[in-house]
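First up is the structure itself, then whatever we jot down about it.
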Amino acid sequence: MIRLILGMPMAACLAAFTVPAAADPACGLYQYKAEIVRVIDGDTVVANIDLGFNVWRRDEHLRLHGIDTPERRKATMDTWKAAKTALAGRVEGREVTICTVKNRRGGEETGKYGRYLVKIYDGDELVNDWMLEQGYAVVYAD
């Protein structure tokens, strides 16, 4: 087995050890395990991201793709806090799966503030859609 792996191209080796994407097969190489460290507001989180091979990105600010929630300075405190509290209750301190959004060049898309745009999965459920369904967010074209 070791000889076979050593003689294989790197992509084949990685495929041999990659778990298929259960949550969103379209993520491909852009799917990661992450721990949500804290929630900034209803559409922004801070996460420690496991890139594989014991490589981590720590304290990475991520923006939930496709949704918009009230901003602290622009909304009533009640609506901003409700969205933040709902998202925090759902993902803060938990391990989730994130899928980054691809840009036209095939890289990972960032928003206007340099945050990666992500879909967050809690198990099989897309948290971005859950925020919409619960009424804490509206659809936003990033």
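The values are calculated or read from the model by the stated rules, or taken from the named source; none is laboratory data. Quantities reported herein were computed from a predicted structural model and do not represent experimental measurements. All Cβ positions, glycine included, derive from the backbone under ideal geometry; neighbour counts span all protein chains shown.
From the set of residues in region 96-142 that are among the small types (Gly, Ala, Ser) and without any contact (Cβ under 8 Å) to a residue 60 or more places away in the chain, which is nearest to His61 (Cα to Cα)?
The selected residue is Gly114.
Please give the number of the condition Arg72 fails out of (1) farther than 25 Å from Glu109 by Cβ; (2) at pLDDT below 95; (3) assigned to a loop (DSSP other than H, G, I, E, B).
Just one mismatch for Arg72, condition (1).
Between a first residue in region 77-95 that is basic (Lys, Arg) and a second residue that is exposed (fewer than 14 other Cβ atoms within 10 Å of the Cβ) and at pLDDT below 90, which pairs have beta carbons less than 9 Å apart while being 6 or more apart in sequence or on different chains?
Lys81/Arg72; Lys84/Arg72
Within region 39-58, is even one residue more than 16 Å from Glu109 (Cβ to Cβ) and part of a helix (DSSP H, G or I)?
no
Would it be correct to say that Lys102 is touching a Cys at 6+ places or on another chain (Cβ under 6 Å) and either at positive phi or not aliphatic (A, V, I, L, M) (or both)?
Answer is no for this residue.
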